[in-house]
Amino acid sequence: MHTPYRIGTSGWNYAHWRGRFYPEKLQASKWLAHYATHFDTVECNATFYRLPSEKTFRAWKTSTPEGFLWALKASRLMTHYRRLQDVRDPLEQFLSHARLLGEKLGPVLFQLPPSLHYDESITTSKGTRSLTPCASRNASASAPLRIIRTKRKSSVSILFCVKGHVASRKAASSGDRGRT
């Protein structure tokens, strides 16, 4: 029976876990499979720094059991360097790789820099047409992003929909620096 809650960690490939979580003699190439025997989800931070190859995404899918869910972090190219402007091509490339996870693809987290303040024009300006709002909880991946105003004007939330999965992420531009 699946519950609506999942427990996992932010990453799994940490050398200092050897001997504490991973058996001392276990090869690093088998760490993900071992991890997946204890947890049913993981946040993948590697995708924030670079886009892994299609081969890597396929290996992640086959190395994890049925029911495992991947939370991928969107590329910093989109969030920190381009600041959500002109991201159609990198978003399409990211999603083409991410979709290789199939039913194991969960939320995509957009970690925004604290200096990125709420700006309604982000979803309407030229070059951000790929940031089309989701219509509902069952929105298709063809309408991937929704930026919504939160109670505090200094916060930005992004809602990402993939195959009916919906996840939100808030990033405060003040008060929570270093936590996003």
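Any read-out appearing in this document is the output of simple, stated calculations on the displayed coordinates, not a laboratory observation. Every value quoted in this text rests on a predicted model; they were computed, and no experiment measured them. With ideal geometry, Cβ positions are generated from the backbone for all residues, glycine too; neighbour counts draw on all protein chains shown.
Database remark: amide H of Asn45 closer than 5 angstrom to the amide H of Gly11 (H placed geometrically; neighbours at sequence offset of 5 or more, or on other chains; Pro and chain starts carry no H). With a cut-off of 14 Å between beta carbons, the residues surrounding Val42 carry a summed charge of +2, where Lys and Arg count +1 and Asp and Glu -1. Going through region 33-113, which GluC sites (Glu not before Pro) have at most 10 other Cβ atoms within 10 Å and a DSSP loop state? The qualifying sites are Glu66. Derived from the Cα gyration tensor, the three semi-axes of the equivalent ellipsoid of region 1-62 are 18, 18, 12 Å, largest first.
Counting only residues at least eight positions apart within a chain, or on another chain, there are no aspartates and glutamates with an alpha carbon under 13 Å from that of Lys55. Remark: relative contact order (region 18-77) = 43 percent; criterion is Cα-Cα distance under 8 angstrom and separation of 6 or more residues.
Strictly over 23 Å apart at the Cα level, which of Lys73/Lys104; Lys30/Lys61; Lys25/Lys104 would you flag in this model? Over 23 Å apart, Cα to Cα: Lys25/Lys104.
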